[in-house]
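Quick notes on the structure that follows.
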Ligand SMILES: [Zn+2]
């Protein structure tokens, strides 16, 4: 797999290869541990440990080489890989978002299965000349990794290859939608089969494909709609900046005068402290009897953006930090020029959503 969509929490960095951080999801350690426990029932501790380590090395190695295949071909096209995460259901190379051609997409997607199939063939050939059960197992594992990922269930590699092939004549968005539909169809098939066969693992993979297909499809649609927009296109201009010592009434008066302002920034010198939203400020004054401090209503989790930067970039940052608001500066943060450090506007996630909805009406 080579996917962008998974939130990679609960993973430990085990090192770097070709400059790419390699992480292992804790569930993979748990799975290896279970293999050890299972094997350990009929074996002495030393053999169990050795077998478990061998299984871990074979699984980690196979998945890692598959993902490196994706990452290194992407690098040939000057596209970076943020990290590689090894999961029990395979791996994921988090390849950076870039404007790739269908041919590049196809080659990046095919690189992983190609590595797995070559490893399978090599291990198979070696197992013919040297008697080794391990080599046969290694060949089988890589054959499954190679062929399994070629199933055209987007966002598995096979689905990406299909999308690349469709992109040429229906465009990236429609190709993604088609590939995602087929991906979800196959995913439902896998889940049904899993119930029938009582195969929990297959069920997990099916559910994963279903969710991932939908999530990637949405990302492509959103990118298409807001792809060309800049932060300043959706920004609400800031007419006034407040400090922590300001009275809530002052803020409320300013908000009443400026009906377009849904949030205002609060700073301390050049430091951003957060934003205040319109509704809580006005509601707090209605309460009246208990004095509410400005700091009690402050949302401190805000992103920072430059007015001329792409909106998709800001959306990625806000998604990652779960920020609802972003403060916009006219220039880059390291600009020493005074005046550039005065916030120019605020972007709320609601502004972006409205922009996407407007785009949708225009498009369909
Ligand atoms: Zn892959």
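Once the Cα gyration tensor of region 11-226 is found, what semi-axes does its equivalent ellipsoid get, as square roots of 5 times the eigenvalues, in whole Å, sorted largest first?
32, 20, 17
Multiply the residue separation of residue 342 and residue 147 by 0.36 nm, subtract the distance between their alpha-carbon atoms, and state the gained length in nm to one decimal.
64.7 nm
Give the value in nm², to one decimal: projected area of the alpha carbon convex hull of region 109-177, averaged over all directions.
Projected over every direction and averaged, the Cα hull of region 109-177 covers 4.6 nm².
When the scattering of region 231-363 is computed by the Debye formula from its Cα atoms alone, each counted once and equally, what is log10 I(q)/I(0) at q = 0.16, 0.19 Å⁻¹?
The calculated log intensity ratios at q = 0.16, 0.19 Å⁻¹ are -0.81, -1.09.
Could you order peptides 325-331, 36-42 by the average number of other Cβ atoms within 10 Å of their residues, highest first?
Those peptides, ordered most packed to least, come out 325-331, 36-42.
Contour minus end-to-end for residue 96 and residue 299, with contour as 0.36 nm per residue of separation and end-to-end as the Cα-Cα distance?
On the way: separation 203, 0.36 × 203 = 73.08 nm, distance 2.99 nm.
Contour length minus the Cα-Cα distance gives 70.1 nm.
Can you give me the angle between helix 157-197 and the longest principal axis of the chain, using Cα atoms only, in degrees from 0 to 90, rounded to the nearest 10?
It works out to around 60 degrees.
Of all the Cα-Cα pairs you can form in region 45-133, what percent are over 19 Å apart? Can you show the working numbers first?
Values: 1969 of 3916 pairs.
Here the tail beyond 19 Å accounts for 50 percent of pairs.
For a quick check, take a GNM of the chain with Cα springs below 10 Å and name the residue from 187, 284, 305 with the largest mean-square fluctuation.
284
Provide, for q = 0.13, 0.19, 0.23 Å⁻¹, the log10 of I(q)/I(0) from a solvent-free Debye sum over equal Cα point scatterers in region 71-118.
So the normalised log intensities work out to -0.29, -0.62, -0.88.
For region 294-333, what is the per residue volume of the convex hull drawn over the alpha-carbon atoms, in cubic angstrom?
Values: hull volume 2.9 nm³, N = 40.
Cα convex hull per residue, to the nearest whole number: 73 Å³.
Volume per residue, Å³, of the convex hull around the alpha-carbon atoms of region 267-315?
Working: hull volume 4.7 nm³, N = 49.
Convex hull of Cα atoms, per residue: 96 Å³.
Using only the Cα atoms of the chain, what are the Rg and Dmax in Å?
Cα radius of gyration and Dmax of the chain are 25.8, 87 Å respectively.
Is it possible to state the helix-based mean residue ellipticity at 222 nm for the chain, with each DSSP H run of 4+ residues giving -39500 (n - 2.57), the sum divided by total residues, to the nearest 500 deg cm²/dmol? What is it?
Using -39500 (n - 2.57) per qualifying helix, the result is -19500 deg cm²/dmol.
Over the chain, what is the relative contact order in whole percent, taking alpha-carbon pairs under 8 Å and six or more residues apart?
Answer for the chain is 11 percent.
Residues of region 225-242 with the amide nitrogen closer than 11 Å to a label point 7 Å from the Cα of residue 309, along Cα-to-Cβ, please.
Only 231 pass the distance filter.
So what is log10(I(q)/I(0)) for region 65-192 at q = 0.12, 0.16, 0.17, 0.20 1/Å, when the Debye sum runs over its Cα atoms only?
Cα-only, vacuum Debye calculation for region 65-192: -0.50, -0.83, -0.91, -1.14.
Can you give the extra length, in nm with one decimal, that the chain gains between residue 215 and residue 201 once fully stretched, where that is 0.36 nm per residue apart less the Cα-Cα distance?
Stretched fully, the residue 215-residue 201 segment lengthens by 2.9 nm.
What residue among 46, 347, 30 has the largest mean-square fluctuation in a Gaussian network model of the chain, using Cα springs under 10 Å?
Taking springs between Cα atoms under 10 Å, the residue moving most is 46.
Compute the long axis of helix 133-149 from its Cα atoms, compare it with the longest principal axis of the Cα atoms of the chain, and write down the angle in degrees, 0 to 90, nearest 10.
40
All of the numbers you see were taken from the coordinates with simple rules; none came from a lab. Computed from a predicted structure; not experimentally measured. Glycine also receives a Cβ, built like all others from the backbone with ideal geometry; neighbour counts cover every protein chain displayed.
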